[in-house]
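Okay, so here's the structure we're looking at.
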Amino acid sequence: MKESMLTAQSRSHALAEMADGAGLDILVVGGGVTGAGIALDAVTRGLRTGLVEMQDWAAGTSSRSSRLVHGGLRYLYQLDLHLVSEALAERGLLLDTIAPHLVHAQPFLWPLRIPLVERGYSALGIGLYDLIARFQGGHVPIQRHYDKAGALGIFPDIRPGRLTGAIRFYDARVDDARLVVDLVRTAVSYGALAASRTRVVDFVRQRGAVTGAVLHDLEADREITVRARHVINATGVWTEQTEGLAGPQAQGLKVLASKGVHIVVPKERIRGRTGLFLRTEKSVLFIIPWPDHWVIGTTDTTWTEQPETPVATAADIDYILDQANAVLRSRLTRDDILASYAGLRPLLQPLQAAPGESAKVSREHTVARVAPGLSAIAGGKLTTYRRMAEDAVDFALGDERARVQPSITRRIQLVGAVGYEATRAQAGPVARRMGWDRRRTEHLLSRYGSELTVIADLVRAAPDLGRPLAAAPGYLRAEVVYAVTHEGALHLSDVLERRVRLAVEQRDGGCATLDEIGELVAPLLGWDDATLDREKASYRRAVEARRAAAEAPDDATAARIIAESLGTGAGTGAATGA
């Protein structure tokens, strides 16, 4: 295996290797969880693989999810047993083998309002959910029933009049952006060539077949041509835009962009020891605990604006607050919100989709041929990314070759998972030597797994990196450096939005940390003072734009605010990540 580090230098090397004339077996377009999973699947089959992403890794939908790895309990009540079974199998693999450092079992409480009848059918549904999970691996505790007093003992913030009892069940949670970065790093460790900030601007065609792509290196402002035996379009809500580059004769998938919004509130604002699962008239609402905050969502509404600009509007935020406050004693207000964020789900569009009916579109994925040499995959969800990747590579290879070179990713551990159990067992002595308390150690283990030792080595080499960030003491200065030296961060937004996640964990979007973080990353990325000032100004402008958009009454107004503030709009991009 090669080094798993993603850096500015590894990116430049990857682009040079892709353009060396030897050609790729597979070129994957889109660096979200699906594209990253495809790259890992392809390279571990022995295929020469390239992966490109127009923005940062996971900058699209894959860093804006509910951060859940789950079977989809609500789909069980729609009798979609195949989808639930597939998702629970993937949940088990992530918990047990692929990413146990990132994916953690999470209990949820389901409040019940109608005695006997609701408990009966809910228990039957969750019982089936647990039974399927038992056969699929990744064992978590089975359901447990509580009377009203017992439920309020676990979650005191539930309004007493809103329940007669409750059922506790388990799913899992994950830092979605970190999962994608670890997938890309693992693919690179097996030989994949990966480049973020690289946009597909055209496909190379020969006698009607796609034989490669023209890439625009957005960092160096240059174009390169890459040859590939097969190109896989994994660009999520950008699927149709990317397909369009293949010419008017291309026949591909149609996707519906469904906006999902979440809000983040401080941990002390809600009193509870589990998450909450609430059924609403439109969908479901999760109240999900993290060490320092709660994530609450989501919504499910059709998005018709530019895919680069999804934002939470005033109406979205009010809806989530109303749904949460109907159950919680806390009476959350806008003043409690640390941040809001919105992502776009790429749902497969039915032949006749009624406007606004995105909640009824299946989450199942489909792979289709767009043109000879070009295929596309869309649909699915974060939990099933590995199965989607397997299907996408099988399709590209064809049945016969796929049987000879089958997927092995069921057994491939991600960076941080290899040696994780041993690292966890040895974490106590390491923490004592480093002066880390239990909370700090758990924080680092849950983010870096066995790479905890790399963080420790950084601090030993430069003890100043062992200090917490002054304005965000939950994170060490070493974590910021690691984001650049190992995780491919090229800009301040990459660090704050998808590595240390301060963009959605602090009320000011992490702006108070900009000077300190800037001082750490500038020498690593070769920035002069003028470049650093531009980076900080650009980040502050983005934070202010999102804040203004959150006051907008509707999607069109919010998108216009973002476009005017950040210079985005029609024609700003095609091939980016899911």
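Here is a check on your reading of the model: is Leu83 open to solvent by 30 Å² or more (accessible area, probe 1.4 Å), in contact (Cβ under 8 Å) with a residue 40 or more places away in the chain, part of a helix (DSSP H, G or I) and of a type in the set (A, V, I, L, M, F, W, C)? No.
Filtered by the rule that a residue be surrounded by 17 or more Cβ atoms within 10 Å (Cβ to Cβ) and out of contact with any Gly (no Cβ under 9 Å at 6 or more places or on another chain), the stretch 538-556 gives Ala545, Ala549, Ala550, Ala552, Asp555.
In the stretch 116-126, the qualifying residues are those that are surrounded by 14 or more Cβ atoms within 10 Å (Cβ to Cβ) and at pLDDT below 90, and the one that is nearest to Gly92 (Cα to Cα) is Gly125.
Checking each residue in the stretch 488-505 for being touching a residue at least 60 places away in the same chain (Cβ under 8 Å) and among the aliphatic types (A, V, I, L, M) picks out Ala489, Leu490, Ala503, Val504. Checking each residue in the stretch 24-39 for being more than 22 Å from Val237 (Cβ to Cβ) and either aromatic (Phe, Trp, Tyr) or open to solvent by 10 Å² or more (accessible area, probe 1.4 Å) (or both) picks out only Asp25. Pairing each residue of the stretch 146-161 that is within 17 Å of Phe286 (Cα to Cα) and at pLDDT 95 or above with any residue that is of a type in the set (A, V, I, L, M) and part of a helix (DSSP H, G or I), provided the two are 6+ apart or on different chains, yields C-beta distances under 8 Å for Ile158/Ala151; Ile158/Leu152. The set of residues in the stretch 366-404 being without any contact (Cβ under 8 Å) to a residue 60 or more places away in the chain, touching a helix residue (DSSP H, G or I) at 6+ places or on another chain (Cβ under 7 Å) and either open to solvent by less than 20 Å² (accessible area, probe 1.4 Å) or not in a helix (DSSP H, G or I) (or both) consists of Val367, Ala402.
Filtering the stretch 504-515 to residues that are touching a Leu at 6+ places or on another chain (Cβ under 8 Å) and either surrounded by fewer than 16 Cβ atoms within 10 Å (Cβ to Cβ) or under 16 Å from Asp494 (Cβ atoms) (or both) leaves Val504, Glu505, Arg507, Gly509, Gly510, Thr513, Leu514.
Identify, from the list Glu305, Glu281, the residue that is assigned to a loop (DSSP other than H, G, I, E, B) and without any contact (Cβ under 8 Å) to a residue 40 or more places away in the chain. Give the derivation first.
Numbers: Glu305 fails: without any contact (Cβ under 8 Å) to a residue 40 or more places away in the chain.
Sole residue among the options that is assigned to a loop (DSSP other than H, G, I, E, B) and without any contact (Cβ under 8 Å) to a residue 40 or more places away in the chain: Glu281.
Filtering the stretch 309-340 to residues that are open to solvent by 20 Å² or more (accessible area, probe 1.4 Å), among the hydroxyl-bearing types (Ser, Thr, Tyr) and within 25 Å of Glu497 (Cα to Cα) leaves Tyr319, Thr333, Ser340.
Scanning the stretch 48-65 for residues that are open to solvent by less than 10 Å² (accessible area, probe 1.4 Å) and either free of Cβ contacts under 8 Å to residues at least 60 places away in the same chain or part of a loop (DSSP other than H, G, I, E, B) (or both) yields Glu53, Asp56, Trp57, Ala58, Ala59, Gly60. Within the stretch 557-570, being surrounded by fewer than 20 Cβ atoms within 10 Å (Cβ to Cβ) and either over 21 Å from Thr304 (Cα atoms) or out of contact with any helix residue (DSSP H, G or I) (no Cβ under 6 Å at 6 or more places or on another chain) (or both) holds for Thr557, Arg560, Ala563, Glu564, Gly567, Thr568, Ala570.
Screening Ala89 against (1) buried (at least 23 other Cβ atoms within 10 Å of the Cβ); (2) under 28 Å from Arg411 (Cβ atoms); (3) of a type in the set (Gly, Ala, Ser) leaves a single unmet condition, (1).
Restricting attention to the stretch 326-365 and to residues that are within 30 Å of Pro100 (Cβ to Cβ) and of a type in the set (Ser, Thr, Tyr), the residue that is modelled with the highest pLDDT turns out to be Tyr341.
Any residue at all in the stretch 215-233 that is out of contact with any Gly (no Cβ under 6 Å at 6 or more places or on another chain), modelled with pLDDT under 95 and outside any strand (DSSP E or B)? No, because not a single residue in the stretch 215-233 is out of contact with any Gly (no Cβ under 6 Å at 6 or more places or on another chain), modelled with pLDDT under 95 and outside any strand (DSSP E or B). Just so you know, in the stretch 91-144 the residues that are of a type in the set (Phe, Trp, Tyr) and out of contact with any Asp or Glu (no Cβ under 7 Å at 6 or more places or on another chain) include one that is farthest from Leu285 (Cα to Cα), and it is Phe135. Going through (1) surrounded by 15 or more Cβ atoms within 10 Å (Cβ to Cβ); (2) charged (D, E, K, R); (3) under 25 Å from Val295 (Cα atoms) one by one, Arg113 falls short only on (1).
Tell me whether the stretch 458-471 contains one or more residues that are assigned to a loop (DSSP other than H, G, I, E, B), closer than 21 Å to Arg498 by Cβ and among the small types (Gly, Ala, Ser). Let's see the steps before the verdict.
Here is the first cut: in the stretch 458-471, the residues assigned to a loop (DSSP other than H, G, I, E, B) are 462, 467, 470-471.
Filter again for closer than 21 Å to Arg498 by Cβ, leaving 471.
Still in the list and also among the small types (Gly, Ala, Ser): 471.
Looking through the stretch 458-471, at least one residue is assigned to a loop (DSSP other than H, G, I, E, B), closer than 21 Å to Arg498 by Cβ and among the small types (Gly, Ala, Ser).
In the stretch 470-487, the residues that are open to solvent by less than 10 Å² (accessible area, probe 1.4 Å) form Cβ pairs under 7 Å with partners that are polar (S, T, N, Q), at six or more places apart or across chains, as follows: Ala472/Gln506; Ala472/Thr513. Between Val226, Val200, the distinction of being within 27 Å of the chain's Cα centre (by Cα) and under 16 Å from Leu24 (Cα atoms) belongs to Val200 only.
The values are calculated or read from the model by the stated rules, or taken from the named source; none is laboratory data. It should be emphasised that the depicted structure is a prediction, and the values quoted were computed from it without experimental measurement. With ideal geometry, Cβ positions are generated from the backbone for all residues, glycine too; neighbour counts draw on all protein chains shown. Each accessible area value is taken on the protein alone, full model and side chains, heavy atoms only, with ligands, DNA and RNA left out. Shrake-Rupley method; radii C 1.70, N 1.55, O 1.52, S 1.80 Å.
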